[in-house]
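The values are calculated or read from the model by the stated rules, or taken from the named source; none is laboratory data. Treat the numbers as computed from the prediction; the structure is a model and nothing was measured. Cβ placement follows ideal geometry from the backbone for every residue including glycine, while neighbour counts extend to all protein chains displayed.
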């Protein structure tokens, strides 16, 4: 059996097409890695070992019959446990959905199956995608494969860790306020939040519907490009999707001449770790040497971004999770309730974790009579001002470069005692979902052991330039 996996998607595709190895061998390799590492890392909540092997055998039969292969055929991947796979658990890492079996496939699941990808399993996450460390999972935390004493980030920490530990070649997560990009930064992999509406949310367990977006994790920008191309596009099941189509095949950039890079001054102020700042500015200098024009820009409403996000998000959380009452479906208490109100309180109080309850309460408060205008309406107006900041910036620059996170990965328990301290982990990532723009985190060199993420942000539907520039930076880092 070939043992130098994972490689990348094009290499895997070439090897399958030329019969250097089989899909069954690829799948067996990744399942073996999961068996060895997952008991410690806890990236996966559910592993589809039998189903993955069966899918691989079916693909090998197609290859033997001479059928043409999709670029994703045989690619072993993982899905965050808020993305539905028919007949399998979809817990969103919550006790309230512990026994829920998905009744249908998410649109992204259907597309990946059709392409011949091999789904290895479902990954751990912060409960209902609410968190920045994957410590809020009802089924235990995930560890960072780079340093197991550190968190992997969140909420898609399981997907990031699965890729980082070589337990999947690529993975899907969801990004509401940074839940793909922040764990990608902490685990040293590539993570992208696409433009809102480019990827269907049908079959994604909703957190905040105006912010949620499914996106890829990968070891390389090129693999993220291929995975995004497979899942993007219009979906009749999701009225918010656009007809934006994306072709992953594009020639690489030889240089960055003609590219204008903006550095938002609000992202380089007090509170940014010195090592992170130095690493990002060093990359900016290298981009400048490659021909990019770099200039300072201002996003003046950045200081309100966290407040806007936690009001808008919490309001939508309150609305979306109202259906989980233990009566229609979800966790049902074993305690006897005296009336319906007490039954709801027991079901939801026992079924939801602390952070989820906190956000439901906050969201219900800001939507309540007497506070709706003062909080939610004002936050929505401020969100528009934030969007306008980005529109003005993109009138003068092609892309924005910032740190993905203000620090590298932190230790378990360091920030759980104070929710506000934890929320600050998202300070550089919440603005992109509020504005609906695409953003990507890729690992860059620092002086220490832990990975550092460089964040690129682009105008709506400019994923091609975002990925092109990210791939150039990635290659430059590999050569240096």
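Tabulated results
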quantity	calculated
Residue match in segment 405-417 (condition: surrounded by 22 or more Cβ atoms within 10 Å (Cβ to Cβ) and under 30 Å from residue 247 (Cβ atoms))	no
Residue in segment 332-344 that is crowded, with 17+ Cβ neighbours inside 10 Å and either more than 28 Å from residue 429 (Cα to Cα) or in contact with a helix residue (DSSP H, G or I) (Cβ under 7 Å, 6 or more places away or on another chain) (or both) present	yes
Condition met for residue 428 (touching a residue at least 24 places away in the same chain (Cβ under 8 Å) and crowded, with 24+ Cβ neighbours inside 10 Å)	yes
Matching entry among 453, 446 (being surrounded by fewer than 24 Cβ atoms within 10 Å (Cβ to Cβ), over 19 Å from residue 310 (Cβ atoms) and in contact with a helix residue (DSSP H, G or I) (Cβ under 6 Å, 6 or more places away or on another chain))	446
Some residue of segment 124-140 being within 12 Å of residue 78 (Cα to Cα), crowded, with 24+ Cβ neighbours inside 10 Å, in contact (Cβ under 8 Å) with a residue 12 or more places away in the chain and in contact with a helix residue (DSSP H, G or I) (Cβ under 6 Å, 6 or more places away or on another chain)	yes
Hey, residue 329 buried (at least 20 other Cβ atoms within 10 Å of the Cβ) and either closer than 18 Å to residue 207 by Cα or touching a helix residue (DSSP H, G or I) at 6+ places or on another chain (Cβ under 7 Å) (or both) or not	no
Any chance residue 356 is in contact with a helix residue (DSSP H, G or I) (Cβ under 9 Å, 6 or more places away or on another chain) and in contact (Cβ under 8 Å) with a residue 60 or more places away in the chain	yes
Of all residues making up segment 272-312, the number that are within 16 Å of residue 428 (Cα to Cα) and in contact with a helix residue (DSSP H, G or I) (Cβ under 8 Å, 6 or more places away or on another chain)	14
From the options 49, 90, residue that is more than 24 Å from residue 176 (Cα to Cα) and either in contact with a strand residue (DSSP E or B) (Cβ under 8 Å, 6 or more places away or on another chain) or modelled with pLDDT of 95 or more (or both)	49
Sole residue being at pLDDT 95 or above and assigned to a strand (DSSP E or B), chosen from 466, 456	456
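For every residue, the table says whether it meets (1) over 20 Å from residue 106 (Cβ atoms); (2) buried (at least 24 other Cβ atoms within 10 Å of the Cβ).
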residue	(1), (2)
166	yes, no
177	yes, yes
181	yes, yes
184	yes, yes
194	no, yes
202	no, no
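Here is a yes/no grid of residues against (1) in contact (Cβ under 8 Å) with a residue 40 or more places away in the chain; (2) outside any loop (DSSP other than H, G, I, E, B); (3) under 17 Å from the mean Cα position of the chain (by Cα):
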residue	(1), (2), (3)
78	yes, yes, yes
96	yes, yes, no
104	yes, no, no
120	yes, yes, no
